[in-house]
Amino acid sequence: MQEILIKDAGLLLTMDGDRRELAGSDILILDGKITEIGKDLITKGKVIPARGCLVTPGLVNTHHHMFQSLTRAVPAAQDALLFDWLKVLYPIWARLGPEEIHVSTQVALAELALSGCSLSSDHLYIMPNGARLDDSIAAASEVGLRFHPTRGSMSIGESKGGLPPDSLIEAERDILEDCIRVVDAFHDSAEGAMCRVGLAPCSPFSVSRELMRDTALLAADKQVMLHTHLAENDQDIAYSEAHFGCRPGQYAEELGWTGPHVWHAHCVKLDAGEVDLFARSKTGVAHCPCSNCRLGSGVAPIRAMRDAGVPVGLGVDGSASNDTGNLVAEARQAMLLQRVTRGADAMSARETLEIATRGGADVLGRPDCGRIEPGKCADIAIWDISGVDTAGSWDPAALLLAGPMRVRDLLVQGREVVRHSQLVTLDLPHLVERQNRLTRQLMESA
Ligand SMILES: [Zn+2]
């Protein structure tokens, strides 16, 4: 039995059903779960002092491609739109292997952890040179974040009219067999699970209609979630209309890709009918505002989605289209971007933080995460608001307006992952050195 007490939190944003904000509260944690919230609680276990701090649920990242942390700021891809950006990067990604997947995943997760993220999905849609989903799962278990890896895939290469080079695609039968293997080996459906596997063809423009449909059927059979990219930009919509004769929302619906077990990344170009479809079917959206800005894709209609009842979470997206992976900065960007198109009252700091915590947890099918209340997983971020960046702030809960942009302490399942703004589960300087060595090798062979 491991007991931890977070003591005297300056302000606690619970994100519970009433969105209570509590001053001077303690949080008692036993064996990875929150057991009690109140004043003057006592423990025989470890005490983490939180006086003067803001305490929130750990942030939730609903979309990422962690392998891309090896290809940040690649010069030829810095100013390209999505399809051209992909064409620059695909040949580089084709040279990755198991070690690259392992190291880059740890770098991406470390970066997320330092920004207050306790639960992240990952969309690994290339398996070059013997790389497997297993490599990213092993990497995540060492970092200590709660992890939702998705087994991605691409099956339509250049020779068949698709976008990726033939060297990066897999046979559809092999993809489905490996989906079954990784779900059986790693998926944990239990409450409090540290690893849940999802199935995730890369996008409608890189796999066949049959693979989209068969993946949905397999996910239903295995009771796991489905994820892909959808309606990311105008080119994406044009491709759908030219090749499938319909908009992305209709394509998704016809192939079994709507429902509470499905979440789509981006959805920048969903029209009003598609927003209504997602709301009715409770299909989730991973909103990735920095990537949408970086690739010039547009502004996703998040205000309209939230008003209609679409489940929305946040994602940093892959490290090659952001090119950072700071989730609290991503949340700030989400708040600012809605204001660009809808005015200063379009999205508050509190609502955006709710999307970044409880919202993301719900999108990933994790009502046991993303809120601080008895019985929920002890995934908790403690923010030091005594620094220069927040000096003079009148409202500590407005984290996304005044910062800070780095967490002080992060607990995942009641275990410390970040302490005093340092990762405690891994030797971070050594990890960065390994990543930079691998990046140099990729640059030299380019
Ligand atoms: Zn993506």
Tell me, what is the FRET efficiency for Glu3 and Glu142 to the nearest 0.05, using R0 = 25 angstrom and their Cβ-Cβ distance as r? 0.50
Stretchable slack from Ala272 to Ala23, in nm (0.36 nm times residue separation minus alpha-carbon distance): 85.6 nm
Once the in-chain neighbours fewer than 8 apart are removed, the lysines whose Cα is under 20 Å from Lys39 read Lys7, Lys376
Enter the accessible area of Ser208 (Å², nearest 10), with the probe set to 1.4 Å and all protein chains included. 20 Å²
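Run the accessible area of the chain with a 1.4 Å probe and give the carbon-and-sulfur part as a rounded percent. All intermediate terms of the calculation are to be shown ahead of the outcome.
Details: 8460 of 16320 Å².
Taking all protein chains in place, the chain shows 52 percent carbon and sulfur surface.
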Enter the angle in degrees (range 0 to 90, nearest 10) between the Cα long axis of helix 82-93 and the first principal axis of the Cα atoms of the chain, meaning the one along which they spread out most. 90 degrees
In sequence order, what are the phi-derived ³J(HN,Hα) couplings for the stretch 150-156 according to the Karplus relation 6.51 cos²θ - 1.76 cosθ + 1.60 with θ = phi - 60°, rounded to whole Hz, with x for glycine and proline? 10, 7, x, 6, 9, 10, 10
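Please work out how much length the chain gains when fully extended from Ala391 to Ala73, using 0.36 nm per residue of separation minus the C-alpha to C-alpha distance, in nm with one decimal.
Details: separation 318, 0.36 × 318 = 114.48 nm, distance 3.26 nm.
111.2 nm is the gain from fully extending Ala391 to Ala73.
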Taking 0.36 nm per intervening residue step and subtracting the Cα-Cα distance, what contour gain separates Gln223 from His420 on full extension? 67.0 nm
Expressed per residue, the solvent accessible area of the chain in Å² (1.4 Å probe) is about 37 Å²
Report the relative contact order of the chain, percent, no decimals, based on alpha-carbon pairs under 8 angstrom and at least 6 residues apart. 21 percent
Express in Å², to the nearest 10, the accessible area of Ile385 obtained by rolling a 1.4 Å probe over the protein heavy atoms while all chains stay in place. 40 Å²
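To the nearest 20 debye, what is the magnitude of the charge dipole of the chain about its Cα centre, counting +1 on the Cβ of each Lys and Arg and -1 on the Cβ of each Asp and Glu? Mind showing how you got there, number by number?
Values: 43 positive and 59 negative charges, 142 e Å.
Charge dipole, the chain, about its Cα centre: 680 debye, nearest 20.
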When the Karplus curve 6.51 cos²θ - 1.76 cosθ + 1.60 is applied with θ = phi - 60°, which whole-Hz ³J(HN,Hα) does each residue of the stretch 328-335 get, with x for Gly and Pro? 6, 5, 5, 5, 4, 5, 4, 4
Residue by residue, what Karplus-based ³J(HN,Hα) values in Hz, rounded to whole numbers, does the stretch 207-222 have, using 6.51, -1.76 and 1.60 with θ = phi - 60° and x for Gly and Pro? 9, 7, 4, 5, 5, 4, 5, 5, 5, 5, 5, 5, 4, 5, 5, 8
Quick check: Cα centre of the stretch 83-149 to Cα centre of the stretch 423-446, how many Å? 13 Å
May I ask for the angle, rounded to the nearest 10°, between helix 428-444 and the longest principal axis of the chain, with both axes built from Cα atoms and the value confined to 0 to 90°? 20 degrees
List the residues whose amide H sits under 5 Å from the amide H of Val418, counting only those 5 or more places along or on another chain, with H placed 1.01 Å from N in the peptide plane. Leu410, Val424
Antiparallel DSSP beta bridges within the chain, as percent of all bridges there, nearest 5: 45 percent
Rounded, prolate or oblate: which fits the stretch 59-178, taking a ≥ b ≥ c as square roots of the Cα gyration tensor eigenvalues, rounded meaning a/c under 1.5, else prolate when a/b beats b/c? oblate
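The values are calculated or read from the model by the stated rules, or taken from the named source; none is laboratory data. These numbers come from a predicted model, not from an experiment. Methodologically, a virtual Cβ is constructed for each residue, glycine included, from the backbone with ideal geometry; neighbour enumeration extends over all protein chains shown. All accessible areas refer to the heavy atoms of the entire protein, side chains included, with ligands and DNA or RNA removed. Shrake-Rupley method; radii C 1.70, N 1.55, O 1.52, S 1.80 Å.
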